[in-house]
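All remarks here apply to the structure that follows.
The values are calculated or read from the model by the stated rules, or taken from the named source; none is laboratory data. Source: prediction; values computed, not measured. Here the Cβ is made from the backbone with ideal geometry for all residues, glycine too, and neighbour counts use every protein chain on show. Keep in mind that these areas ignore ligands, DNA and RNA; they rest on the heavy atoms of the full protein, side chains included. Shrake-Rupley method; radii C 1.70, N 1.55, O 1.52, S 1.80 Å.
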Amino acid sequence: MRIDLHTHSTASDGTDTPAELVATAAAAGLDVVALTDHDTVGGHRQAIDALPDGLTLVTGAELSCRVDGVGTHLLAYLFDPADAELERARELVRDDRVPRAREMVRKLRALDVPVTWEQVARIAGDGSVGRPHVAAALVELGVVPTVSDAFTPDWLGNGGRAYAEKHEFDPFEAVRLVKAAGGVAVLAHPGAVKRGAVVPESTIAALAEAGLDGVEVDHMDHDEPTRARLRGLARELGLLTTGSSDYHGTRKTVELGAFTTDPEIYGEITRRATGAFPVPGAGGPGHR
């Protein structure tokens, strides 16, 4: 089985619609794909309705978190999308996205970058606006060659010259909410140092004690020594280890299935989840 547990669609900051994403996942030879848009489940229904035979969809979201001034992301899988407490918390994060993006535009213009809010809004379309849309505007303007190059201290990286704070989850509260909603919580790309500061291992250990299920190890932003370190830490803490592409369509160079999750780990994730079922084949009843 080929299993990719971290992808994005136009419901947040990817360039594929949810329907296009599942079609591309099937064409790429995946057996399982997770749709984990930022702080939203808005793409799930379209992905389920378009799901091809032979492909299983794992519903999820990537939650924006911050602890001790360091931004981090939590992948939440197979939680109950109707859980009121988790939905309210996600809504608070989503509501702050537009003011934050506008502030980044203001800071960029102060740096003599001729970006406009209209440009960013056009790029975001119907998606939940975020830093990747501002980064895409910088690519359009020729300021940086790729979206990834915008996520540096010079531009939009954590603490960078045009970075702007936003309302984010406390990761300990996020883990609690995900678990209460019947979901499984995995820390996304915890060693991605090129994006900025990362949470220390002591915080990962504390999150494990608080109920964190796993860490994303095999990811494009982790070099081999980082993967080996995280794998060892996961063994020490009794955490699951996942691998995934963090696919954003044409917004990143990585392809679907570039990194994958072991089928046994996937099986354990599905066993732990009580909020939703993976959705098999051409649509079907995905939620309890």
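Considering (1) surrounded by fewer than 19 Cβ atoms within 10 Å (Cβ to Cβ); (2) out of contact with any Leu (no Cβ under 8 Å at 6 or more places or on another chain); (3) within 22 Å of THR250 (Cα to Cα), the lone condition that VAL98 does not fulfil carries the number (3). Across the stretch 139-166, which residue is modelled with the lowest pLDDT among those that are closer than 14 Å to ARG102 by Cα and not hydroxyl-bearing (Ser, Thr, Tyr)? Here the residue is LYS166. Scan the stretch 13-25 for residues that are more than 14 Å from ARG45 (Cα to Cα), in contact (Cβ under 8 Å) with a residue 40 or more places away in the chain and not charged (D, E, K, R) and the total you get is 4. Of all residues in the stretch 115-131, those that are in a helix (DSSP H, G or I) and open to solvent by less than 20 Å² (accessible area, probe 1.4 Å) total 2. Residue selection: ARG90 satisfies the criterion of being of a type in the set (Lys, Arg) and either buried (at least 21 other Cβ atoms within 10 Å of the Cβ) or free of Cβ contacts under 8 Å to residues at least 12 places away in the same chain (or both).
Scanning the stretch 171-211 for residues that are among the polar types (S, T, N, Q) and within 13 Å of VAL70 (Cα to Cα) yields one hit, THR203.
Checked against (1) open to solvent by less than 40 Å² (accessible area, probe 1.4 Å); (2) closer than 25 Å to ASP213 by Cβ; (3) outside any strand (DSSP E or B), VAL58 meets all criteria but (3). Looking across the stretch 216-269 at every residue that is open to solvent by 40 Å² or more (accessible area, probe 1.4 Å) and of a type in the set (S, T, N, Q), the one that is farthest from SER9 (Cα to Cα) is identified as THR260.
Contact map, the stretch 182-202: first residue more than 27 Å from TRP155 (Cα to Cα) and at pLDDT 95 or above, second residue buried (at least 24 other Cβ atoms within 10 Å of the Cβ) and of a type in the set (Ser, Thr, Tyr), Cβ cut-off under 6 Å, separation 6 or more or different chains; pairs are GLY183/TYR77; VAL184/TYR77; VAL186/THR242. Of the residues making up the stretch 1-55, those that are more than 18 Å from SER128 (Cα to Cα) and outside any strand (DSSP E or B) number 20. Here ASP112 meets each of (1) surrounded by fewer than 19 Cβ atoms within 10 Å (Cβ to Cβ); (2) in a helix (DSSP H, G or I); (3) without any contact (Cβ under 8 Å) to a residue 40 or more places away in the chain with one exception, condition (2).
Looking only at residues of the stretch 1-10 that are of a type outside the set (Ser, Thr, Tyr) and open to solvent by 20 Å² or more (accessible area, probe 1.4 Å), we find that the one that is nearest to the chain's Cα centre (by Cα) is ARG2.
The condition of being of a type outside the set (Asp, Glu), within 25 Å of ASP96 (Cα to Cα), touching a residue at least 40 places away in the same chain (Cβ under 8 Å) and in contact with a Lys or Arg (Cβ under 8 Å, 6 or more places away or on another chain) holds for only one of THR10, THR72, that being THR72.
Among the criteria (1) within 15 Å of the chain's Cα centre (by Cα); (2) farther than 25 Å from ASP16 by Cα, the one ALA208 does not fulfil is (1). Here VAL198 passes the criteria (1) surrounded by fewer than 18 Cβ atoms within 10 Å (Cβ to Cβ); (2) in contact with a Gly (Cβ under 8 Å, 6 or more places away or on another chain) except the one numbered (1).
Selection within the stretch 67-97: residues that are under 14 Å from the mean Cα position of the chain (by Cα) and in a strand (DSSP E or B). The member of this set that is farthest from PRO278 (Cα to Cα) is GLY71.
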